[in-house]
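All remarks here apply to the structure that follows.
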Amino acid sequence: MGFFADFVVATPEDALQYGSFVQNGKPTPPDRFQVASYNNFMPHALGMLWAVLRRERWDAKRHHLKHVSHTEGGESWLFRFPDELVHRLSALSEADLHQVAEDWVNPREVPGNADELLPVLRDLKRLALQAQMHSRNLYLWGSL
């Protein structure tokens, strides 16, 4: 199974509380969080997506999510998508989604093939639009 990877739209304050909801088995209030849950997406995989969207070669120093927090033992982490990445995701057309899914495939770093990445990209686009519409941020929350 690997690890959990949730894409979350929230305010900065709520984002810091998201992990406690999940880890305590509490339902997340829909007025505070919009979520898409997947497995095995690490921050560098999303950095690679950003490079694909910019049509650039991936560079870890340039294409990275913003570290927000992690637990002391490293069992969970929270990263914020940069505004530019959110904007690029929100602007994708359906045709773009298919091409980006093909270009994003990386056997070592990105889980899945192009067909499996397409629903992830659709969810990321939907969440990016929600983040922009409600003046919130898009986050990656992960847990072992």
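Taking amide H as placed 1.01 Å from N in the peptide plane, Gln34 has its amide H under 5 Å from the amide H of Val9, each at least 5 places away in sequence or on another chain.
Normalised by the number of residues in the chain, the average gap of Cα pairs under 8 Å and 6 or more apart makes the relative contact order 36 percent. On the basis of the beta-carbon distance and an R0 of 22 Å, Gln99 and Arg122 show a calculated FRET efficiency of 0.95.
Candidate cross-link partners of Lys26 among the lysines, defined by an alpha-carbon separation under 27 Å and a same-chain spacing of 8 or more, comprise Lys66, Lys125.
Report summary: the helix-based calculation at 222 nm, which adds -39500 (n - 2.57) for every DSSP H run with n ≥ 4 and divides by the residues of the chain, gives -14000 deg cm²/dmol. The convex hull of the Cα atoms of the chain, projected and averaged over all directions, covers 8.4 nm².
Angle of helix 43-54 to the longest C-alpha principal axis of the chain, folded into 0 to 90 degrees and rounded to 10: 40°. Annotation: the residues Tyr139, Tyr18, sorted from fewest to most other C-beta atoms within 10 Å of their own C-beta, follow the order Tyr18, Tyr139. Across segment 79-89, coupling constants 3J(HN,Hα) worked out from phi with the 6.51/-1.76/1.60 Karplus curve, θ = phi - 60°, read 10, 9, 6, x, 4, 4, 5, 4, 4, 4, 5 Hz, and Gly and Pro carry x. Residue-wise HN-Hα couplings along segment 22-39, as the Karplus relation 6.51 cos²θ - 1.76 cosθ + 1.60 with θ = phi - 60° gives them from phi, are 5, 5, 9, x, 7, x, 7, x, x, 7, 10, 9, 10, 9, 10, 9, 9, 10 Hz; Gly and Pro carry x.
Read-outs: derived from the displayed coordinates by stated rules, not from any lab. This is a predicted model, so every value here is computed, not measured. As a convention, Cβ positions derive from the backbone with ideal geometry for all residues, glycine included, and neighbour counts pool all protein chains shown.
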